[in-house]
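Here the structure comes first, spelled out in structure tokens, and everything after it is commentary.
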Amino acid sequence: MAELKGWKDIPIGGLVVEPGSAKKYQTGTWRVLRPIFQSENCINCMFCWLYCPDQSIVVELVDGKPKMKGFDYYSCKGCGLCANVCPKNIDPKTKQPVADEKKAIIMKPETDFVEE
Amino acid sequence: MPLSAIDLAKQFYDKNPGITPGHRLCPGCAAPTIVKIALMTAIANGYEPVVALATGCLEVSTTIYPYSAWNVPYIHNAFENVSATISGVETAFKAAKKRGEIPADKKLAFFAFGGDGGTYDIGLQSLSGAVERGHKFIYIVYDNEGYMNTGNQRSGSTPTGSDTTTAPVGKKMSGKVQLKKNIVEIMAAHENVYVATVALTDTFDFMKKIEKALAFDGPSFIAAHSACVRFWRVADDQAVETSKLAVETLYWPLYEVERGVYRVTKKIKDPKPVSEYIKSQGRFSAMLKRPDAQEIIDELQQYVTARYERLLALEEATKDKPVRGPWSKKDVQTDEHAM
Ligand SMILES: Cc1ncc(C[n+]2csc(CCOP(=O)(O)OP(=O)(O)O)c2C)c(N)n1
Ligand code: SF4
Ligand code: SF4
Ligand code: SF4
Ligand SMILES: [Mg+2]
């Protein structure tokens, strides 16, 4: 979190001069549920990346192809939209959620991670 | 041609097109994804986006001092005048181009975003004026069907039977009693305009319409279904599902009107009953407990069915009959001021 500045340190007029400075603001502390990535089930379709409202899906290019790498927990608010849109989380035949171990993203209560 | 999710990720995986993380919209809010998809489409097509924003959730949550989530040129003015503001920005750009201060081949895309309150109600006259003057901009209403930033007040866009603080459901009243205002038809009634509806469930259709708007020689208006998970009282992960149901029940028909020519871009063969949409959201649950609930749903069903049939008929009737031919250059009034 950026520190609060005194009046002599802020730009004249209180302007915000740095584009995208909100990146410094940690919204990850809002999370009630934590998305967990199970890479073995991922087909790198990028749906989670496309829909995440907080741009918290970490993607890297491997041989020129985008690969899902996990989550940026500094900003991820735990909405679960990524898990909801993930095609691997639904059985194509029954249209029902598949077992947790077959999913590519599962949502777990943040309280499971309190020691961290 | 819109890019696939994979090709978009390839181009934008390490960028934050439009807004960065750290904005303070509610978890799961649909609005930031609408912005992202629109701006990625513009950038992928070689435009540099410029954004003006009306007051509302999107504006308030992305610009909390001392931060800004915007990483493109951005201006906020007031609740009621975002279209007037973007008109000025667009005209200033043309003037600077004319004076040779900006390279002639520079491609900017001017976007104005507004909530439904800022569009259907309070910003309607400045929007109508800017469209009538023919400024080249793309107006996108992220329609969450209420004044949400101030805590869920009724707007001209709020649907019948929805519970809001200013039209609450109680013993005497069933929430909002009027139908949602048809803003798409109002905007389509302007001359030389491209108007379309979009929903998150169909990003391909969404991006195609943004591409059309970018290429269109005149103003465009896009109405985007934008779930407010907070006040629609749905789970945080439901923004895309609600938009899917909205399209499948004909609550939110996907269509476009280009200079008076209608096109239904997604035909729904066996629409689901609109009650499925209503029953999936908590904002209707108080209404559903009333004895007249079935009546309200039946009326809404009649309305959405009739509206869809009318759209199909308009598509047939207006085929190849634009009401105004392509915009002739000497008509561009905004150029008069661009000295
Ligand atoms: C002239 C004026 N009246 C009232 C307000 C207070 N106000 C700020 S945001 C807002 C609600 C905006 O609703 P909408 O445009 O639908 O956007 P949303 O917050 O729902 O995204 C209101 C009433 C204001 N800023 N200016
Ligand atoms: S949506 Fe699911 S399958 Fe697709 S990239 Fe994300 S985690 Fe992988
Ligand atoms: S839980 Fe929500 S914020 Fe977090 S990565 Fe998934 S979609 Fe993004
Ligand atoms: S109140 Fe609704 S529209 Fe506003 S940020 Fe929250 S979910 Fe989004
Ligand atoms: Mg609103």
| note | Expected integer from the mean partner chain Cβ neighbour count at 10 Å over A:76-86 is 6
| query | Distance from the Cα centre of the range B:140-176 to that of the range B:250-312, in angstrom? | reply | 17
| query | So what is the diffusion coefficient of chain B in µm² per second by Stokes-Einstein at 20 °C and 1.002 mPa s, using a Kirkwood Rh over Cα pairs? | reply | 104
| field | Prolate/oblate/rounded call for the range A:28-113, Cα gyration tensor, a/c under 1.5 rounded | value | oblate
| remark: Mean Cβ-within-10 Å packing, highest first, puts peptides B:164-173, B:44-53, A:64-73 in the order B:44-53, A:64-73, B:164-173
| Under the definition of partner shielding as Cβ atoms of other protein chains within 10 Å of a residue Cβ, what is the mean value for peptide B:66-74? | 6
| task | Output the direction-averaged projected area (hull surface divided by four) of the convex hull of the alpha-carbon atoms of the range A:51-92, in nm². | result | 3.6
| remark: So for the protein assembly as shown, using the alpha carbon gyration tensor with a ≥ b ≥ c as root eigenvalues (a/c under 1.5 gives rounded; past that, a/b versus b/c decides prolate or oblate), I'd call it rounded
| request: Return one number: the angle in degrees, 0 to 90 and rounded to the nearest 10, between the long axis of the Cα atoms of helix B:203-215 and the longest principal axis of the Cα atoms of chain B. | output: 40
| task | Using only alpha carbon pairs under 8 Å that are at least six residues apart, calculate the relative contact order of the range B:143-205 and give it in whole percent. | result | 20
| query | Regarding the range B:14-116, what is the average projected area of its C-alpha convex hull, in nm²? | reply | 7.2
| Qualifying lysines (Cα of each under 22 Å from Cα of A:K24; at least 8 residues distant if same chain) | A:K5, A:K8, A:K69, A:K77, B:K15, B:K36
| request: Evaluate the relative contact order of the range B:137-263 (contact order divided by residue number), counting alpha-carbon pairs under 8 angstrom at least 6 apart; express in whole percent. | output: 27
| said: Quick check: from the Cα gyration tensor, does the range B:209-275 come out rounded (a/c under 1.5), prolate or oblate? | reply: oblate
| So what is the relative contact order for the range B:5-338, in percent, with contacts set as C-alpha pairs under 8 Å and at least six apart? | 17
| In the Gaussian network model of chain B, springs joining C-alpha atoms below 10 Å, which of B:G129, B:G161, B:G115 carries the largest mean-square fluctuation? | B:G129
| said: List the aspartates and glutamates whose Cα sits under 17 Å from the Cα of A:K88, skipping any in the same chain fewer than 8 residues away. | reply: A:E40, A:D100, A:E101, B:D237, B:E241
| request: Take peptide A:40-53, look around each residue's Cβ out to 10 angstrom, count Cβ atoms belonging to other protein chains, and average those counts. | output: 5
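We did not get these values from a lab; they are worked out from the coordinates using the rules stated. If you're wondering where the values come from, they're calculated on a predicted model, not measured in any experiment. Positions of Cβ are generated from backbone atoms using ideal geometry, with glycine treated the same way; all protein chains shown enter the neighbour counts.
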